[in-house]
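Engineer: Here's a structure for you.
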Amino acid sequence: MARRCPVCGKELTSDRRDPNYPFCSRRCKLVDLGNWLSDKYRISEPIPNSEGVNPETETEEEKK
Ligand SMILES: [Zn+2]
């Protein structure tokens with residue numbers, strides 16, 4: 001059973017020894033990596049700063 005490139009859907013001619021596996025080409029590999037990185041940044045954005053250095057919180061305390 002032939003695998004397909006998850007980026008462009010093209011049938012793979014490469015196997016697991018191919019450096020681009022499981023993508024059909026280096027280009028698709030980079031596209032997928034770019035998507036993965038942008039997803040990661042989007043998800044990590046709303047996570048509050050664990051060090052407690054939040055500028056918004058500091059402003060609220062000054063108002064008191
Ligand atoms: Zn591809």
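Engineer: Sorting check: for 3-13, 18-28, which peptide has the highest mean count of neighbouring beta carbons within 10 Å, and how do the rest follow?
Structural biologist: On the way: 3-13: 13.5, 18-28: 15.4.
Output ranking for 3-13, 18-28: 18-28, 3-13.
Engineer: Local charge sum around Asn20 (other residues, Cβ-Cβ under 13 Å, Lys/Arg +1, Asp/Glu -1)?
Structural biologist: Around Asn20, the surrounding residues sum to +4.
Engineer: Length gain on complete extension for the stretch Lys40 to Arg3, per 0.36 nm per residue less the alpha carbon to alpha carbon distance?
Structural biologist: That works out to 10.7 nm of additional length.
Engineer: Mind listing the long-range amide H neighbours of Arg4? Cut-off is under 5 Å, sequence gap 5 or more, other chains count too, H placed in the peptide plane at 1.01 Å from N.
Structural biologist: Amide H neighbours of Arg4, under 5 Å, 5+ apart: Leu12.
Engineer: Counting only C-alpha contacts under 8 Å and six or more residues apart, can you give the relative contact order of the range 1-46 as a whole percent?
Structural biologist: This gives 28 percent for the range 1-46.
Engineer: Want the number for Thr13 to Ser25: 0.36 nm per residue separation, take away the alpha-carbon distance, what's left?
Structural biologist: On the way: separation 12, 0.36 × 12 = 4.32 nm, distance 0.98 nm.
Here the segment from Thr13 to Ser25 would lengthen by 3.3 nm.
Every number in this text was worked out from the coordinates using simple rules, so none of it is lab data. Only a predicted model underlies this, so the values are computations on that prediction, with no experimental measurement involved. Cβ sites come from the backbone with ideal geometry, for glycine too, and all protein chains shown count toward neighbours.
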